[in-house]
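Rule-based calculations on the coordinates, nothing more; no lab input. Every value quoted in this text rests on a predicted model; they were computed, and no experiment measured them. Methodologically, a virtual Cβ is constructed for each residue, glycine included, from the backbone with ideal geometry; neighbour enumeration extends over all protein chains shown.
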Amino acid sequence: MLQIKNLHASIEDKKILNGINLNIQAGEVHAIMGPNGSGKSTLAAVLAGREDYEIHEGEVLLDGKNLLELAPEERAGEGLFLAFQYPIEIPGVSNTNFLKTAVNAVRKYREQPELDAVTFLKTMKKKMKLVEIDRALLNRSLNEGFSGGEKKRNEIFQMAMLEPKLAILDETDSGLDIDALRIVANGVNTLKSPENATIVVTHYQRLLDYIVPDFVHVLYKGQIIKSGTKELALELEEKGYDWLKKEVEETTV
Amino acid sequence: MTEQTSLIEQIEEQLEPLVADLEKAQDLTGLYQTKQLALACLENLEFPTSKHEEWKYTPVSALLETGFQIEPETTLSPEKIQENLPDFDDSKANVLVFVNGHFSAENSNIQDTNLEVRHFKDLDFNADIFTNRVGKIASIEQEIFTAVNTAISKNGIYLKIPKNQVIEHPVLLYFLADGSDKSTFIQPRNFIDSESGSQATIIELFSSITDSQTFTNAVTEVRLENNAVLDHYKIQLEGVESSHIGTVHAHQYQDSKFTNTTISLDGNIIRNNLNINLDGENCTAYMNGFYMPFGTTHIDNHTAVDHLQPNSYSNELYKGILGDTGTAVFNGKIFVRQYAQKTNAFQSNKNILLSSEASVNAKPQLEIWADDVKCSHGCTTGALDEDPMFYLRSRGIPELEARKLLLFAFAGDVLERIKVESVRTFIESWIHQKLDNYNE
């Protein structure tokens with residue numbers, strides 16, 4: 001479904017991604033782990049189309065379409081979804097109105113008819129249950145004054161509404177207490193299907209107890225230095241990243 | 001006359017018969033007295049240049065050199081006038097239509113019988129409103145354009161909301177500028193007299209015939225007696241060839257509440273002066289403003305609230321969205337006199353620049369002589385934030401639509417203050433249209 005080939009990217013002349021290669025098939029969950037500053041969030045942002053980054057080399061194909069040539073909204077239309085590490089507060093834009101605009105924009109892109117008000121509300125009601133989000137939140141301004149947990153749940157709620165092919169969860173677990181984490185993970189697991197795929201970007205193994213990955217990749221200095229199965233995450237939890245860093249440095253020397 | 005004479009010469013020409021009239025007058029009272037004062041002030045005042053501190057960023061000299069005609073009668077039939085009025089839902093309003101300053105009775109309709117409407121031209125020069133009201137609030141001595149208006153205007157209107165009366169429907173004043181035949185210089189003059197305990201909504205809506213060259217110099221005086229409530233709107237939609245200099249000056253007494261909402265969406269050069277005197281305890285004044293200079297439009301809002309008595313509240317919120325090479329000025333003065341203890345005054349001005357060539361000059365000016373007061377002011381100007389844009393776009397919302405959502409959100413707190421739904425809907429659809437047509 002997703003193919004990343006030799007992706008290089010920088011911001012303000014600082015190289016962050018140094019040749020990422022990754023293949024993801026439909027139905028799979030991939031975890032991307034790594035120490036701070038390894039490029040995890042950059043990779044997520046570049047995939048979603050953040051314009052601050054300069055791409056030097058490489059290719060990203062989503063079901064054969066070159067994502068790097070598309071605007072962020074087109075990527076969303078193609079089925080990409082990024083759950084933000086720090087969801088943006090937008091005062092004055094109502095959560096519901098925003099969702100309706102987004103859902104219909106994506107449907108339009110996919111050449112599907114717009115949802116009428118009744119169908120939209122019904123869908124919303126159904127998906128709200130999934131992340132146990134309070135109705136009152138939806139009448140408020142987008143993320144404004146939401147708690148950390150509410151913001152993250154709202155991200156997963158948006159994901160549920162937009163039905164992406166490929167979801168990227170950028171540090172969705174950071175700052176969540178265990179109950180919120182369980183709710184978020186439960187939402188993600190329910191949305192999982194043989195047709196879609198998930199990339200979980202995380203720092204902590206804890207989330208992977210709830211969202212079980214098929215593959216784990218370790219990112220360091222803008223490259224994937226090790227890939228494995230979920231056991232790799234456990235090993236990292238136990239031993240930290242230093243042994244891997246050492247391995248890399250030894251091979252480069 | 002083939003050669004066009006400049007506006008200043010035109011004004012001088014208009015003043016000659018006035019001088020003669022005043023010389024002949026037996027009794028210099030009422031309107032004559034006010035006009036005589038205006039004439040005397042005109043001799044002492046100068047038309048502003050960029051050297052005048054209050055007009056530094058708003059150039060008017062070119063306007064004064066233009067060969068405008070003073071209030072020529074329109075050649076439009078009442079049907080044509082109707083067609084040329086803005087597309088505003090006025091079915092539930094008291095409607096008064098003025099074209100080039102002249103009242104058009106055929107296009108007007110007053111539904112509420114408790115509203116008192118008097119036209120200056122129907123009144124004797126020493127009618128009570130001239131003796132006690134007109135010209136007593138606006139500053140003729142200091143503001144040359146107010147002096148010009150006072151001296152040469154002929155078609156003013158006086159609106160009285162009688163004691164304890166509630167005017168059910170909004171009063172909508174259409175000021176249509178028609179310069180399609182001759183470039184026009186227009187002097188709307190209004191006096192709104194809110195007697196004690198009364199309540200009303202008054203909307204002044206300025207527009208022009210497309211592409212015609214017009215210059216409006218409007219003065220509205222507002223008087224609010226004890227406990228009166230007035231919701232006043234000034235909406236400017238004149239074309240790109242139309243300039244507007246306007247003054248709204250309100251004088252409030254105890255427990256009164258005045259709200260002015262000034263919305264400037266189009267025009268050539270616009271200068272709005274809003275002055276409010278809070279001359280009683282427990283007064284409330286809201287000053288709401290929204291402006292959108294696109295193209296080469298220039299919009300200057302000068303506001304001044306003068307807290308003269310203790311325990312009053314003023315709240316000012318002005319917001320602007322600027323595009324292309326549009327420019328704006330915001331100057332907000334708050335005076336708190338020594339006697340006006342426990343004053344609470346709030347001011348905020350925020351601007352979004354959609355283009356690097358657009359600019360704003362903002363200047364809050366607080367002068368406080370009392371020591372027990374709460375005053376705050378804030379001012380921001382910048383481009384639209386990138387983070388919210390990316391967030392919305394990452395959810396599939398196209399760039400143009402995302403920008404519109406964010407700009408509406410920005411304008412939201414001003415638009416929410418518009419209590420008349422027909423006004424809000426009308427303004428929102430104008431903003432939609434302007435943003436849809438905007439190309440970076």
Checklist outcome for this item: Here the averaged projected area of the protein assembly as shown, based on the convex hull of its alpha-carbon atoms and given in nm², is 37.4
Item to check | Inter-label distance for B:GLN142 and B:LYS363, nm, one decimal - labels placed 7 Å from Cα along Cα-to-Cβ | outcome: 1.4
Item to check | At most 12 other Cβ within 10 Å, DSSP loop - GluC sites (Glu not before Pro), segment B:15-58 | outcome: B:GLU46
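Once the piece of chain linking A:LYS246 and A:ASP209 is laid out straight, how much longer is it, given 0.36 nm per residue of separation minus the C-alpha distance between them?
This chain segment gains 10.6 nm when fully extended.
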Item to check | Computed FRET value (nearest 0.05) for A:ASN6 with A:GLU231, which takes r as the C-beta separation and R₀ as 41 Å | outcome: 0.90
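With contacts defined as alpha carbon pairs under 8 Å and 6 or more residues apart, what's the relative contact order of segment B:7-384 in percent? The partial results should precede the final answer.
Details: 1055 pairs, mean separation 40.2, N = 378.
Answer for segment B:7-384 is 11 percent.
Once every DSSP H run of n ≥ 4 in the protein assembly as shown is given -39500 (n - 2.57) and the sum is divided by its residues, what mean residue ellipticity at 222 nm do you get, rounded to the nearest 500 deg cm²/dmol?
Working: 19 runs with 206 residues, N = 693.
Per the formula, -9000 deg cm²/dmol.
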Checklist outcome for this item: Using the Kirkwood formula on alpha carbons, the hydrodynamic radius of segment A:2-252 in angstrom works out to 18.7
Next on the checklist: Taking 0.36 nm per residue of sequence separation and subtracting the Cα-Cα distance, how much length would be gained by fully extending the chain between B:ASP372 and B:ASP128, in nm to one decimal?
Outcome noted: 83.8 nm
Checklist outcome for this item: For segment B:382-440 the trypsin sites (Lys or Arg not before Pro) that pass both the DSSP coil test and the at-most-15 other-Cβ-within-10 Å test are B:LYS419
Next on the checklist: Using alpha carbons only, how many angstrom separate the centre of segment A:148-178 from the centre of segment A:68-97?
Outcome noted: 12
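Counting other C-beta atoms within 10 Å, and keeping those with at most 16, which DSSP coil GluC sites (Glu not before Pro) do you find in segment A:12-113? Spell out each step's value before the answer.
Working: sites: A:GLU12, A:GLU28, A:GLU51, A:GLU54, A:GLU57, A:GLU59, A:GLU69, A:GLU73, A:GLU74, A:GLU78, A:GLU89, A:GLU111; in loops: A:GLU12, A:GLU28, A:GLU51, A:GLU89, A:GLU111.
Sparse-neighbourhood loop GluC sites (Glu not before Pro): A:GLU12, A:GLU51, A:GLU89, A:GLU111.
Would you mind checking the pairs B:LYS24/B:LYS121; A:LYS127/B:LYS404; A:LYS165/A:LYS239; B:LYS51/B:LYS154 and listing those with alpha carbons more than 29 angstrom apart? Intermediate values should be presented prior to the final figure.
Numbers: B:LYS24/B:LYS121 19 Å; A:LYS127/B:LYS404 27 Å; A:LYS165/A:LYS239 34 Å; B:LYS51/B:LYS154 32 Å.
Cα-Cα > 29 Å for A:LYS165/A:LYS239; B:LYS51/B:LYS154; rest within.
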Item to check | Projected area averaged over orientations for segment B:7-384, convex hull of C-alpha atoms, nm² | outcome: 18.0
Next on the checklist: Could you tell me the calculated FRET efficiency between B:ILE110 and B:GLU399, based on Cβ-Cβ distance and R0 = 45 angstrom, to the nearest 0.05?
Outcome noted: 0.40
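Once the piece of chain linking B:GLU16 and B:LYS154 is laid out straight, how much longer is it, given 0.36 nm per residue of separation minus the C-alpha distance between them?
Numbers: separation 138, 0.36 × 138 = 49.68 nm, distance 1.48 nm.
That works out to 48.2 nm of additional length.
As a footprinting exposure proxy, order B:LEU265, A:LEU82, B:LEU322, B:LEU39 by other Cβ within 10 Å, with the fewest listed first.
Values: B:LEU265 21, A:LEU82 28, B:LEU322 24, B:LEU39 18.
Starting with the residue having the fewest Cβ neighbours, the order is B:LEU39, B:LEU265, B:LEU322, A:LEU82.
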Checklist entry - When a footprinting reagent is the concern and you count Cβ atoms within 10 Å, what order do B:THR210, B:THR327 take, fewest first? => result B:THR210, B:THR327
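Mind checking which helices in chain B clear 20 Å along their axis (Cα) and have mean Kyte-Doolittle hydropathy of 0.0 or more, DSSP H runs only?
On the way: long enough: B:7-24 (26 Å, -0.18); B:30-44 (22 Å, 0.07); B:399-415 (24 Å, 0.88); B:421-436 (22 Å, -0.56).
The qualifying helices are B:30-44, B:399-415.
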Checklist entry - Once the Cβ-Cβ distance between B:THR5 and A:THR119 is put in as r, and R0 is 60 Å, what FRET efficiency do you end up with, to the nearest 0.05? => result 0.35
Checklist entry - Label-point separation (nm) for B:HIS432 and B:VAL240, each offset 7 Å from Cα along Cα-to-Cβ? => result 2.4
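P(r) tail for segment A:201-253, what percent of Cα pairs lie past 16 Å?
Working: 520 of 1378 pairs.
That tail contains 38 percent of the Cα-Cα pairs.
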Checklist entry - Quick one: helix A:117-131 against the long Cα principal axis of chain A, what's the angle to the nearest 10°, folded into 0 to 90? => result 40
Checklist entry - Percent antiparallel among DSSP beta bridges with both residues in chain B, to the nearest 5? => result 5
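Counting Lys +1, Arg +1, Asp -1, Glu -1, what net charge surrounds B:SER180 among other residues with beta carbon under 11 Å of its beta carbon? Can you show the working numbers first?
Values: positive: B:LYS80, B:LYS182; negative: B:ASP178, B:ASP181, B:ASP211, B:GLU241.
Once positives and negatives cancel, what remains is -2.
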Checklist entry - According to the square roots a ≥ b ≥ c of the eigenvalues of the Cα gyration tensor, what is the shape class of segment B:101-197, taking rounded for a/c under 1.5, prolate for a/b larger than b/c otherwise, and oblate for the remainder? => result oblate
Next on the checklist: Which of B:VAL171, B:VAL240 has the fewest other C-beta atoms within 10 Å, and how do the rest follow up to the most?
Outcome noted: B:VAL240, B:VAL171
Next on the checklist: Less than 12 Å apart at the alpha-carbon level, and either on another chain or at least 8 residues along: which aspartates and glutamates does that give for A:LYS221?
Outcome noted: A:GLU249
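Based on the alpha-carbon gyration tensor of segment B:1-140 and its eigenvalue square roots a ≥ b ≥ c, which shape applies: rounded if a/c is under 1.5, prolate if not and a/b is larger than b/c, or oblate?
On the way: a/c = 1.71, a/b = 1.23, b/c = 1.40.
Oblate, since a/c reaches 1.5 and b/c is not below a/b.
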Item to check | Percent antiparallel among DSSP beta bridges (both partners in chain A, rounded to 5) | outcome: 60
Checklist entry - For segment A:2-252, what is the relative contact order in percent, using Cα pairs closer than 8 Å and at least 6 residues apart in sequence? => result 28
